[in-house]
Amino acid sequence: MTSDSATRGGQDLWASGVTLFNAGHWWEAHEAWEPLWLQSTGPERHFLQGVILLAAALHKRWVHGSLTHRNYHKAVKHLEQLPPGYAARTRGVDLAALRQEVWEALHDSSLRPVLPLPDGSGIL
């Protein structure tokens, strides 16, 4: 696989995961992003681990009824290791807003956090 096709494949996996996440299919989003995480290093690995754990936190809360939020707190530890502005530059993600939206959604089943799609829309 060439570098360009690997990049396109990574963008497709990211976009697929974002679409699933935005639809409330958090476990499936986690599964879509896992291959990217397995191949990543450095800040990208922390970013992907963080969003995977945020998705897992939402899944555990609203599918399994967990009230512990352990995955949320693990996600925050990974996201705090990122250089300032990393997620906004690389994925268009405002991490402070995402963390707040996920925290609120963990407490209110009517709320759904939304990640921006690679085209910047965040709309399904």
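When the stretch 79-112 is limited to residues that are β-branched (Val, Ile, Thr) and modelled with pLDDT of 95 or more, the one that is nearest to residue 58 (Cα to Cα) turns out to be 102.
Does residue 40 qualify as being in contact with a Lys or Arg (Cβ under 8 Å, 6 or more places away or on another chain), free of Cβ contacts under 8 Å to residues at least 40 places away in the same chain, hydroxyl-bearing (Ser, Thr, Tyr) and farther than 19 Å from residue 22 by Cβ? Against the criterion (in contact with a Lys or Arg (Cβ under 8 Å, 6 or more places away or on another chain), free of Cβ contacts under 8 Å to residues at least 40 places away in the same chain, hydroxyl-bearing (Ser, Thr, Tyr) and farther than 19 Å from residue 22 by Cβ), residue 40 does not qualify. Every condition in (1) over 20 Å from residue 107 (Cβ atoms); (2) part of a helix (DSSP H, G or I); (3) in contact with a helix residue (DSSP H, G or I) (Cβ under 8 Å, 6 or more places away or on another chain); (4) not aromatic (Phe, Trp, Tyr) is met by residue 11 except one, and the failing one is (3).
Being out of contact with any helix residue (DSSP H, G or I) (no Cβ under 6 Å at 6 or more places or on another chain) and either modelled with pLDDT of 95 or more or within 17 Å of residue 75 (Cβ to Cβ) (or both) is the requirement here; does residue 29 meet it? Criteria not met by residue 29. Condition first: in contact with a Ser or Thr (Cβ under 7 Å, 6 or more places away or on another chain), in contact (Cβ under 8 Å) with a residue 24 or more places away in the chain and on the phi < 0 side of the Ramachandran plot. Can you find one or more residues in the stretch 103-110 that meet it? Checked against the condition, which is being in contact with a Ser or Thr (Cβ under 7 Å, 6 or more places away or on another chain), in contact (Cβ under 8 Å) with a residue 24 or more places away in the chain and on the phi < 0 side of the Ramachandran plot, the stretch 103-110 yields no hits at all.
Restricting attention to the stretch 78-102, the residues that are assigned to a helix (DSSP H, G or I), among the charged types (D, E, K, R) and either touching a residue at least 12 places away in the same chain (Cβ under 8 Å) or under 16 Å from residue 18 (Cα atoms) (or both) add up to 3.
The values are calculated or read from the model by the stated rules, or taken from the named source; none is laboratory data. Just so you know, these numbers come straight off a predicted model, no measurement behind them. A quick note on method: Cβ atoms are made from the backbone with ideal geometry, for glycine too, and the neighbour counts reach across all protein chains shown.
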